[in-house]
Amino acid sequence: MGYDIRAWLDRQGRPQLEIIDIDSGHVQVAWDGGGERSPAIKSLFHELLLLSVREDLNRRMPAKPN
């Protein structure tokens with residue numbers, strides 16, 4: 001079982017997060033970060049956003065030959 005984590009900022013700059021089950025394609029978690037957020041939530045979202053971008057870039061780039 002695997003999950004696809006999608007983290008982004010919407011047009012108003014509010015953080016958004018979805019965690020999707022790879023096998024079923026169903027969204028397991030959908031989070032809208034509007035409103036006040038604690039520093040811990042901001043940090044978690046930041047790390048998930050970076051992880052999401054890194055994973056997306058890895059998928060788009062061709063594998064390097066050995």
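The values are calculated or read from the model by the stated rules, or taken from the named source; none is laboratory data. Quick caveat: nothing in here was measured; it's all calculated off a predicted structure. As a convention, Cβ positions derive from the backbone with ideal geometry for all residues, glycine included, and neighbour counts pool all protein chains shown.
Observations
- Top-ranked residue of segment 1-53 - restricted to ones that are surrounded by 15 or more Cβ atoms within 10 Å (Cβ to Cβ) and among the polar types (S, T, N, Q), ranked as modelled with the lowest pLDDT: Ser52
- Residues (of a type in the set (Gly, Ala, Ser) and in a helix (DSSP H, G or I)) located in segment 31-63: Ala40, Ser43, Ser52
- Total residues in segment 14-44, condition among the hydrophobic types (A, V, I, L, M, F, W, C), more than 14 Å from Gly2 (Cβ to Cβ) and in contact with a Phe, Trp or Tyr (Cβ under 7 Å, 6 or more places away or on another chain): 1
- Counted residues, segment 54-66 - those being of a type in the set (D, E, K, R) and exposed (fewer than 12 other Cβ atoms within 10 Å of the Cβ): 4
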